[in-house]
Structure formats: structure tokens, C-alpha cells
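Notes for the one structure printed next.
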Number of protein chains: 2
Amino acid sequence: MALKTNRKTNYPEWYQCVVSEADMAETSVSPGCMVIKPWGYGIWERIRDIFDERFKETDHENAYFPIFIPLSFFQKEAEHVEGFAKEMAVVTHSRLTAKDGKLVPDSELDEPLIVRPTSETIIADSFAKWIHSYRDLPVLVNQWANVVRWEMRPRLFLRTREFLWQEGHTAHATAKEAEDETKQMLEVYREVAEESLAMPVVVGRKPEYDKFPGAIDTYCIEAMMQDGKSLQAGTSHFLGQNFAKSANITFINKDNKPEFAYTTSWGVSTRLIGGLIMTHADDEGMVVPPKVAPYQVVLVPVIKKPEDEDKVMSFVNEIYQKLRAQTAFGEKIRIKLDKRNKTSVDKFWEWTRKGAPAICEIGPRDVDNNGMMVRERIKLGTPEGKEIAKTEDFIGTIGQRLETIQHEMFARAKARQDANIRTDIKTPEEFKAYFANNNEWIEDGKQGKVAFVRGKWNGKAETEEILKSMKINIRCIPFDQSGATGKCLLTGEDATLDVIYARAY
Amino acid sequence: MALKTNRKTNYPEWYQCVVSEADMAETSVSPGCMVIKPWGYGIWERIRDIFDERFKETDHENAYFPIFIPLSFFQKEAEHVEGFAKEMAVVTHSRLTAKDGKLVPDSELDEPLIVRPTSETIIADSFAKWIHSYRDLPVLVNQWANVVRWEMRPRLFLRTREFLWQEGHTAHATAKEAEDETKQMLEVYREVAEESLAMPVVVGRKPEYDKFPGAIDTYCIEAMMQDGKSLQAGTSHFLGQNFAKSANITFINKDNKPEFAYTTSWGVSTRLIGGLIMTHADDEGMVVPPKVAPYQVVLVPVIKKPEDEDKVMSFVNEIYQKLRAQTAFGEKIRIKLDKRNKTSVDKFWEWTRKGAPAICEIGPRDVDNNGMMVRERIKLGTPEGKEIAKTEDFIGTIGQRLETIQHEMFARAKARQDANIRTDIKTPEEFKAYFANNNEWIEDGKQGKVAFVRGKWNGKAETEEILKSMKINIRCIPFDQSGATGKCLLTGEDATLDVIYARAY
């Protein structure tokens, strides 16, 4: 019952196949936009709730700002508009009118409106109104919203014209406080990525040429996908006084002098679901880490003869009620009792493709034995994949079981990443030879043909051309620098900066 | 410390004043759109979570559909496009280009895209893909999203060009199931409005001429504001097979025959916050019902001499920790310890204007007496408004106290509504005389000059003209019909239908 294609044969097709077979999302009549289906959206709700809790713990409040940004507003920060101008949805009219039997746009707006690709400019306008004195600082807000960037090659979750995200925006009295905030939120991203999404990441700073348009510094978390490519999974920007100057966010400081505020912004998006898929899914479909699974346990009644129905259903209902009282990760576990009018085999494969962490099949003989067949998604196809369990044992240990699965999923992904950050490539020749290979699927526990290289860079902007010609990228300048001098892997010059080179999504 | 204006003097200005002084929302550089500030958004988050739980209990799943609807798609249902064409934001270009030193829209789209005013048409397209057999039905989805309607006279929360809402969309195998769903969700709306928002409503069906464009029947909840006007607070539509036909949502029924599905849609929006304000706010500012208050209890330390700080803060912190363990309405209570660098008097008035249900002021003498000054927002200005409480008593009874406040707020609003649905107006003459008055603020426990009239209607479309000329409206045909014959209040003809006549927002 494997998917139509697999990771080794055709990785990009496999990805689409997982999204579709796990019933997570689909393309839409709205060009380049996606429909996020209930299973995909359920994962997003979990991710959102986990981040939201972290944001609130770190004293941020949610707010909501308009989706439309007047063109003139967007233009205030020169680098910023430059960075986004080529991919903006522009609203120019406010009604439709019939003309020759066809509806056409009518009532042209005095000023075109941009559908927000990000909200720095419009939020800065509110900040300028809200902030007067150092006593008003810091301002710490976040918004959960949809944004639009006119991508030319859309891919579900990874790159769609509309996507869902959160964007944090803060203003501070000093550069240091703003930089601390930027790094604090990056650390929240790392922690949630690793601890909840079971997705190991490399943390660091973006090179100058790859910063967010208008930022002083951009920090990021980068995750290694199963084909060795990197996915930028979250970014946090120190904006200095750039946006404060263009929007006039000033405050009276403690010395009673007017000063521009220091701002930050940071975001993660539904792209994380793409990362989740390419970190954990296998040739049978999706595998969802328990912490973000909409249902952690699915109960599938196995009823082949109508006369067994009452017996099985009353037993399954009893298990369902007992499971509802159990907890994992400090909260109630999420269980689905699948009563739909379909065969148990169809249900099993459907939940397997969706990647529910544990599926329990329960038939008449299980009732007699007070047992069930437990199938952990991560053990599918292995001898332990079909496990006969006593119901009490299963119910009593479900929290522990889900925690073990979560831990195991992270450990697997971390081992893959660790084995595939190459640090033994020391010269431009070795470097070129390495990236001359094509990316392909990295088998669990193995070293792939191409993935990440950690090595030296001379830090010069000109080297961007060399990277472009090789179709690779400097993903980040990791925080943990050795400080040692070596050879720049692009030019052979002396260099001390350690960077992560990789291909990327 | 009353607001700049009050309900009696200038009701519309008072409304704006509450929104602004309670720090709930503000107008924006984006014309007609609003910024929902943290306190307003916090209320929305509570409302959202309460509804979301009810939707999930009634087996709905959340999903997300594109914000852009291709023009041709929107046109598929004739009445529907007719109803919305005059207020649509239209995207016509996908980038900006510099021209004579100015950025202008570029890359015109082949087909204009509509920013969704509602999503029936685009969701119907997905339903057509998802539904094949009666076994696939019902499909029960909901989405939390922003929508855009090009309002010409925007008012914060009540009517803004962009607003936040939920829209439920379902498909069923029979008309009966779809009608049951429509009414079930209306009942969810009534229940949450009354039990969580403490906002009494009248439930019923809209007259034919006031239905949702494309619907067979529209049901609604209508709430009486403090000026006697009605606010449509939620609607639920039975769409019959109209959208199924235009989008080709067909299924093979149990008799193995193809059939069009029956669909529904239903929504509530951030407009509810406008309803909340005009149900509960007073001349001092907002009053938030405890169930939807972002903070139910605010602790304000009163420190006038620096040497008192340690003493007071350690006492307040202790109270804070003990309160955190308390519950109200079955969940942990939400407390704010306001440590900001402002005077306690400023803090008290700020939280009063925001409408936090209970504010506790704690100074050095309270520490000595193991007490606090408790101020319930609904008792502000009354002799009970300043209450000295022992800390243990306050902590031990906080759940009960919040429940009492919630109950009291509903009782007050319900008494106002009950006293102001006039049933004693029996002739067109009396009716005209009544609505010849202007709406004005209805004092608690009193009968206002103009509010709702419950009386007869002949059900004829022509009477819409009479209503228009009087600037009133039939808000709904309540479910509880007397069946008795009387005189139509518009024409004097015999009529049996009971309706609610009122002015409206």
C-alpha cells in the first residue's frame, strides 16, 4: 500500500503525493493559492497554539492590523519596497459593473492598495501613534494572519501565493534590548521546531546579501530536509532604527531627549508544515509528531459481521472514554473514534497515510481477550509494527508511549542531520566536486550524496556570484563559531567565518 | 473621570469614545480598515475559542480556503454576485514597477481576482471535488478568516472594510439535514451570545427580501443595543441546492442516483464586539463580561513611597500565585498583575475604561490588614463599588464572584430588552407615531422612546417601500409565532405573521 512514488525514485513527486494522500492540502481554482484541508489545518492549529503560548509567556500580546497597505506607505522604506515590489497583489478597484454582459472592475481607487506581503510598514504607523515616552516601551505585539507574495512557481505549503503565518513586531528603547528580543524569539523558534515539531535546526545569522529587506540583521533557523536541501523555517529580524525613521516612531528617552525606537520583526508560517513533511514522512505517507498531531490515537473498530457491532462498539466506546482521561505532554490526549461507514482496512490505510501516531484496531476477538492491535506509525513495516496489547496496559501507558514516539522522531531526524553536516571539506576543489552531485533522498542513518557543508567563507559580497553559478547558498553563519582560520571554500582565501553551505527550498 | 461624552448626550460619539478609551481598536491609514488593539483582540480570541469549541463539539472541522476568488467563479451564482458586486476589492495586478520615478501597478492579471467578501463559491468548488457518494456526507467545515466588503461608511467593529469572522460551510444528502444544521448553528449562536457575551437576542428568520444573496432561507440572531436599535449579530443560511447546482456538487445517493447536495453557511464576526460594547458599556467606558474578558481580575499595587515597594510587591505576588490556582466557568481564571511604571490611580482608570470585571488595589495598609480594595466594574459609582475584602475571602470566592457578575450582566441586558419589545402597538397609526421618534439611549430598567415592536406583517414584498420610507426594518420573523390574526402594522390588512420591527445598525 505504498504511495504511487517514493523518495528515492522521485522526491519532488513523492512530496506532492504525501500532501495529497495525507489529505493535508490541495491546489485551488485561485491560481497559486492552496486549500488547507482539515488534517493539514489541524496540524497548523496545534503549531499555532504552541507558539502562541510561548509568545504570551514572553509577554507578547496579539493584535490585528489591516490586510491592505496603501502603496505610498509601502514605499517609505526604500530597501523594503525594492525587496517586495516584484511579487505583490495590487487592489485597484472597489466594485464590479456589468459591461456588454460581462462584469468588469469599476470604481478605480485613488491610490492602489497592496495586499500585505508582510506588515512592517503598516504596523510601524500604529507604533508611531502608540509610543511617546520610554515608559511606553517595549511594545510587544504579534499577529496571526494571511499574507500574499506573488510566487511564480508555487508548491503546496512551501511556496504559495497566500500563506498563513505569525508576524511578531516589537519596539524598544535601546538597540541592545531589540537585539536581545530578536535572539530570544529565534530561540523560541528553535525550541518549538526541535521539541514540538521534532525538526532539528541550525541556528545563525544570514549573510548581508540575504537579509530581510530593510533589516540590520536577519537570524534564522534552517532545517535539513530528507533530500539534503535546507528549508528556512523561521526568521527573526533586528531592524535597528530603519523602520522607526521611515514611520517616525520616536519617544522621549530617560534623558528627556527625542529618539527613534529600535524595532524587530519575526515570523514562522505554514511553510513549517512543508518542513514537517520533509523531515518525517516516509514512502507510506505522512508521519506526524504526537505533539502536533490533531489526533494522537485513532480507534478503528473491526466489524465484519453485523451481529458483532454492539459487542465491539460498546468495548471501543469504553476504551475511548478511558483514553480521554489520559494525558501526554501535560495535556489531554487527542483521540478519534472512527465510526465512519468504511472498511477497517481502508480506515487503517487512511490514518497511516495521514500519519496518526498510533492506530488501534479492535475486533470481536480483541473484546474476548480484552486486547487490541496497536500500530505505531513510526514502526510501520517493522516486526514491532503490529503489537497485541492488553487494553489496560495501553491506556495506562499511552502518555509515555506518545512521549517516546516524539523523542524517537527527533532522534532520527537529528541523527540524519548530524551525519550530513560535512565538516571535512577543506578546499574549493573538494567543495565543487561535492556540490557537483545532485540532491537525492538520504536514507535514515546514512550519509547522503549532497547535504550541508560547514566551512569557511571570506565574507565578501562578490562570492554571491560563485554561489549562484553553483546553485547553492550560504544558509547561515552559525552562532557557534570556532574562530580558527582556514580557507574560504569559494575562493581559497584565508577566512575565519564558519558558514553552512547548502542547496535550499 | 467619565468619558468625554455620554450615551444620553451623543450616543454615536459615545460609542467611538468607548472603543478608543478602552483601547480596543483604532482607524488605520488603510482606508476603512481597523487596527484591532490587544485588548479588543483579546476579547475576540476569547469569543473565537468559545465558538470554536462549540463547532468542534458539533463535529465541525476547521480548514482554510484561498482569499482570492477568480471573477468568473464568483459569477456562477447570479443572485450571489448581484448581492456583492458593489462592494468588492478587486486585484488586477501582480507587481509594482518604477515609472517616471513612481511605483505603479504592473503585470496585469488575465482574470481579476476578488478579495473574498464570503467564500461560498470557492468552498463549493472544493466540495465538488471532495463529495462523490452519500458516504462522503455530511461535510462539515468552518474557517476563521478575514473578509473584505467595500463599505462606504465604516464604523469600528460594526462596519469595516476588512473584518474577521468565521464562516461555516456544510453539505448534506437531504434538505432536512441541511435545514437542521442551519438551525443547530443558529442555536449555537444564540447560546454563546446569551451565555458568554451576556447579550440577549431574538431568534428568527429573515423576510424574503432580506435573505443572504443565493440563500433559500436566512436565520438570524438580533440583539437590542442600548439605543434601541437592532444589531444583526449572526446569520445562518439554508442554501438549498443553489450553490450545489452552480458549482456542480453532486453525489450518488442511496438509490444509486446522482443528486445535488444541500448546503448551508453561517457566520459571526468581529461585529459581535460592537454588540458587546453597545450592550454593556456605560458612561465610564467598556464593561466586559467575565467569560470573554482577556483578564478577569487585575491586581494594582499601590506604592506611594519607595520603601513600601518590597512589602507590597511580595504580598501582591503571593495573591497573584494563589489566584492563578482558582477557576471560574470551569477554567483557570485570567489575572493581570499590573507592574507598569504608572500611578495606581492611572492604572485603576485605565482598567476601568477597558472594563476588566474586577480590579484589586493593594497598598501597604492592606498588607498589614491582610486585605485589599476590590472594585467590581459593574458596581462602579455605587456604594458597593468600593469593597474592603480579606484576601482569603476574595481568593476563595473569586470563581463564584465572576459567575455572579456574568449572570448579573445578562440579567440587566435581558430586562432592558424585555421592557423594550413593545407588543401593545396595534394599528398603523400607533406604529407610525412610535417610529416618528428618534432613537435615544435607554436607561437601565426603563422603557426607551423607540426600540423593537413585535407585531403583525402581511408578508408582502411591496411593504418594503413603506419600511424604507420610515427607515425601519423587519429584523426577523421570530420562531415563536402566536398564530393569531391581527392587523398588519404597515397596511392595516389582516395578517397572522408576527415580526420584529426596528431600526438597525
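Just so it is clear, none of the values below were taken in a lab; they were calculated from the coordinates. Quick caveat, the model's predicted, so the values are computed rather than measured. Every residue, glycine as well, gets a Cβ built from its backbone with ideal geometry; the counts of neighbours run over all protein chains shown.
Copy-to-copy label distances for A:Asn10, where each label lies 7 Å from Cα along Cα-to-Cβ, are 6.9 nm in order of increasing length.
What pairs in B:Lys8/B:Lys37; B:Lys206/B:Lys426; A:Lys379/A:Lys471 have C-alpha atoms more than 30 Å from each other?
The answer is A:Lys379/A:Lys471.
Relative contact order for chain B using alpha-carbon pairs under 8 Å, separation at least 6, rounded to a whole percent?
Working: 1063 pairs, mean separation 73.4, N = 505.
In percent, rounded to a whole number, it is 15.
Computed over neighbours whose Cβ is under 14 Å from that of B:Lys332, the net charge equals +3, Lys and Arg +1, Asp and Glu -1.
Three principal axis extents describe the C-alpha atoms of chain B; from largest down they are 80, 63, 59 Å. Close Lys pairs in segment B:299-341 (alpha-carbon distance under 16 Å; sequence gap of 8 or more, or different chains): 5.
In the protein assembly as shown, taking the dipole from charged Cβ atoms about the Cα centre, the farthest positive-side position among A:Ala358, B:Asn6, B:Asn437 is held by B:Asn437. Distances between copies of A:Ile388, taken at a point 7 Å out from Cα along the Cα→Cβ vector and listed shortest first: 7.4 nm. Would you mind pulling out the separation of the Cα centroids of segment B:220-254 and segment B:401-470, in Å? Distance between centres, Cα-based: 24 Å.
Distance between the pseudo-spin-label points of B:Met1 and A:Lys432 (7 Å out from Cα toward the beta carbon): 7.4 nm. Projecting the Cα atoms of A:Ala124, B:Leu272, B:Ile69 onto the dipole axis of the protein assembly as shown, where Lys and Arg carry +1 and Asp and Glu carry -1 at the beta carbon, places B:Ile69 farthest toward the positive end.
Distance between the 7 Å Cα→Cβ label points at A:Gln447 and B:Tyr209: 8.1 nm. Dividing the summed helix terms, -39500 (n - 2.57) for each DSSP H run of n ≥ 4, by the number of residues in chain A produces a 222 nm estimate of -10500 deg cm²/dmol to the nearest 500.
Inter-copy label distances at A:Lys176, using a point 7 Å along Cα-to-Cβ, come to 7.4 nm with the shortest given first.
Annotation: peptides B:89-99, B:305-315, B:247-257, ranked by per-residue average of other Cβ atoms within 10 Å with the highest first, follow the order B:89-99, B:247-257, B:305-315. From the alpha carbon centroid of segment B:335-378 to that of segment A:85-118 is 50 Å. Looking at this model, which pairs from A:Lys76/B:Lys99; B:Lys4/B:Lys390; B:Lys86/B:Lys245 are more than 27 angstrom apart at the alpha-carbon? Violating the 27 Å Cα-Cα cut-off are B:Lys4/B:Lys390. Between A:Tyr320 and A:Gln16, the contour length at 0.36 nm per residue exceeds the Cα-Cα span by 106.1 nm.
Placing +1 on the Cβ of every Lys and Arg and -1 on the Cβ of every Asp and Glu, with no other charges, gives segment B:290-404 a dipole of roughly 460 debye about its Cα centre. Calculate how steeply helix B:175-195 sits against the longest principal axis of the alpha-carbon atoms of chain B, using the helix alpha-carbon long axis, and give the answer as 0 to 90 degrees to the nearest 10. Compared with the principal axis, the helix lies near 20 degrees. If R0 is 45 Å, the Cβ-Cβ spacing of B:Lys468 and B:His407 corresponds to a FRET efficiency of close to 0.65. Modelled spin labels at A:Lys460 and B:Lys176, positioned 7 Å past Cα toward Cβ, are 8.1 nm from each other.
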